[in-house]
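Colleague: This is the structure, below, for whatever I ask next.
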Amino acid sequence: MILSENQPVVMTLDAGGTNFVFSAVKAGDEIVNPVSLPSHAADLELCLKNIIRGFETIEKQLSEKPQAISFAFPGPADYVNGIIGDLGNLPGFRGGVALGPMLEEHFQLPVFINNDGDLFAYGEAMHGMLPALNDKLSKSGSAKQYHNLIGITLGTGFGGGLVRNNDLIIGDNGAAGEVWLLRNPFNDKTFAEENISARAITNEYYAITGMQKNGMAPLDVFYIAKSQKDGNREAAIGSFNKFGRALGIALAEIVTLMDAPVVIGGGLANAWELFFPEMLKEMNGNLVNGNGNHIPRLVMQTFNLEEPASFEKFAKGEMTRIKVPFSEKEIIYDPQKRIGVGISHLGASKAISLGAYAFAVNAIGSKG
């Protein structure tokens, strides 16, 4: 989707457990002064009144009528119908709250609610990593182009989203991309997020060192691993190595079903140099078949898009020319199946905002 000044205004919301931040976007740019109001997380009536009040305050700032409301909101939820379920960080929501229909009735606007992992992936597919990757491939002389994207967020939790041919894959129950529930490769009684999250980094450091938990943050472990802070550097590196292995195993499962490049965002993405090696080792590793023979873990080879030498190999592929049978004509053939993994250059917050905007604009256009 190409952004232009002719595109509609969409009101947005950044929904946190403590505060709600309201804004409005046009052509991908914020066009108002954001408004922050307390969420009143435990009081549903006050919470809902502040959501209405926040959007009313934004609407008064606008010089033109908004065409939609679009935002990410915590789940569980029936996102397609705008109904929010029981939320951990907003305990006032219990038993199903028709947030979308309430806003549609009050503002007489279409309302689109999704989760942050989906909108991160959609923002990166429409305005971030995917178009940038295809542009870079074209400029390098490669004929390879990609049309799908897997978005992964790494932070407090392990989130994801899937985009196919510019369409966000939501699923029949609005629950596609719930990657955090993949099986934990190091403890098959738990889910993947236990080893792919901020707490996984610090918990592993405590386990290796035998330290009592003392409120360390993943950033502390990062600084220790980079020799920028005192501590057990070997344990810090080991923590990120295990994180990388867990992520690589999970991504191998995901890309097996969704053959697409991967973009990673969220706070832990900044530590990519520490966990990418083990992640890629897992994705490019081998499995053993019933005869004891080693076979590649994935049909495709995975490349690090953040390293120039790796990108050069990724762009080049194994391109050759072959003859068309019974003809003198030759065509280009590249037998190498490949994907790349890269880091968000938009940042998760901007990607989510652009994803919410793009989702609303596309939905409005399809209805028109």
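Colleague: Taking Leu37 as the residue in question, decide whether it is under 30 Å from Leu154 (Cβ atoms) and in contact with a Lys or Arg (Cβ under 7 Å, 6 or more places away or on another chain).
Modeller: yes
Colleague: While we're on this one: For the range 253-268, give me each residue that is of a type outside the set (S, T, N, Q) and without any contact (Cβ under 8 Å) to a residue 60 or more places away in the chain.
Modeller: Leu257
Colleague: Looking at this structure, is Gly177 buried (at least 22 other Cβ atoms within 10 Å of the Cβ), at pLDDT below 95 and either assigned to a helix (DSSP H, G or I) or polar (S, T, N, Q) (or both)?
Modeller: no
Colleague: Another question, if that's okay. For the range 153-169, what are the residues that are touching a helix residue (DSSP H, G or I) at 6+ places or on another chain (Cβ under 8 Å), β-branched (Val, Ile, Thr) and surrounded by fewer than 24 Cβ atoms within 10 Å (Cβ to Cβ)?
Modeller: Residue satisfying the conditions is Thr156 alone.
Colleague: Being under 15 Å from Ala198 (Cα atoms) and among the charged types (D, E, K, R) is the filter here, so list the residues in the range 226-244 that pass it.
Modeller: Within the range 226-244, Lys242 is the sole residue that qualifies.
Colleague: Another question, then. Pick out, from the range 262-340, the strands (runs of 3 or more DSSP E) lying fully within it that include 2 or more residues that are under 24 Å from the mean Cα position of the chain (by Cα).
Modeller: Answer list for the range 262-340: 262-265, 301-304.
Colleague: What residue, among those in the range 15-70 that are among the small types (Gly, Ala, Ser) and modelled with pLDDT of 95 or more, is farthest from Gly100 (Cα to Cα)?
Modeller: Gly54
Colleague: Follow-up question, since we're still on this one. Of the conditions (1) under 22 Å from the mean Cα position of the chain (by Cα); (2) crowded, with 16+ Cβ neighbours inside 10 Å; (3) over 24 Å from Asp78 (Cα atoms), Gly238 fails just one. Which one is it?
Modeller: In the conditions (1) under 22 Å from the mean Cα position of the chain (by Cα); (2) crowded, with 16+ Cβ neighbours inside 10 Å; (3) over 24 Å from Asp78 (Cα atoms), Gly238 misses (1) alone.
Colleague: Asn214 passes all but one of (1) in a loop (DSSP other than H, G, I, E, B); (2) surrounded by 18 or more Cβ atoms within 10 Å (Cβ to Cβ); which number fails?
Modeller: Going through (1) in a loop (DSSP other than H, G, I, E, B); (2) surrounded by 18 or more Cβ atoms within 10 Å (Cβ to Cβ) one by one, Asn214 breaks only (2).
Colleague: Among all residue pairs at least 6 apart or on different chains, which show Cβ distances below 9 Å where the first residue, located in the range 97-120, is within 14 Å of Val80 (Cα to Cα) and the second is among the basic types (Lys, Arg) and in a helix (DSSP H, G or I)?
Modeller: Here the result reads Pro110/Lys367, each pair linking the range 97-120 to a residue that is among the basic types (Lys, Arg) and in a helix (DSSP H, G or I).
Colleague: Moving to a separate point now. Between residues in the range 35-53 that are in a strand (DSSP E or B) and residues that are of a type in the set (Lys, Arg), which pairs lie under 7 Å by C-beta distance while being six or more apart or on different chains?
Modeller: If the second residue must be of a type in the set (Lys, Arg), the pairs left are Leu37/Arg53.
Colleague: In addition: From Ala271, Ala246, grab the single residue that is among the aliphatic types (A, V, I, L, M), without any contact (Cβ under 8 Å) to a residue 60 or more places away in the chain and out of contact with any strand residue (DSSP E or B) (no Cβ under 7 Å at 6 or more places or on another chain).
Modeller: When all the criteria are applied, what remains is Ala271.
Colleague: State yes or no: is Phe303 among the hydrophobic types (A, V, I, L, M, F, W, C), surrounded by 11 or more Cβ atoms within 10 Å (Cβ to Cβ) and assigned by TED's automatic domain parsing to the domain that holds Thr256?
Modeller: yes
Colleague: Which numbered condition trips up Leu103, out of (1) crowded, with 17+ Cβ neighbours inside 10 Å; (2) modelled with pLDDT of 95 or more; (3) over 24 Å from Ile51 (Cα atoms)?
Modeller: For Leu103, the exception is condition (3).
Colleague: At pLDDT 95 or above, of a type in the set (Gly, Ala, Ser), buried (at least 20 other Cβ atoms within 10 Å of the Cβ) and closer than 24 Å to Lys337 by Cβ: is that true of Ala260 in this structure?
Modeller: It is true that Ala260 is at pLDDT 95 or above, of a type in the set (Gly, Ala, Ser), buried (at least 20 other Cβ atoms within 10 Å of the Cβ) and closer than 24 Å to Lys337 by Cβ.
Colleague: Answer yes or no: is there a residue in the range 284-291 that is within 29 Å of Ala121 (Cβ to Cβ) and among the aliphatic types (A, V, I, L, M).
Modeller: Looking for residues that are within 29 Å of Ala121 (Cβ to Cβ) and among the aliphatic types (A, V, I, L, M), one finds at least one in the range 284-291, hence yes.
Colleague: Right, something else. From the residues in the range 68-98 that are surrounded by fewer than 21 Cβ atoms within 10 Å (Cβ to Cβ) and among the aliphatic types (A, V, I, L, M), which one is nearest to His147 (Cα to Cα)?
Modeller: The residue in question is Val80.
The values are calculated or read from the model by the stated rules, or taken from the named source; none is laboratory data. Keep in mind the model is a prediction, meaning the values are calculated, not measured. Please note: Cβ atoms are built from the backbone with ideal geometry, for glycine as well, and neighbour counts cover all protein chains shown.
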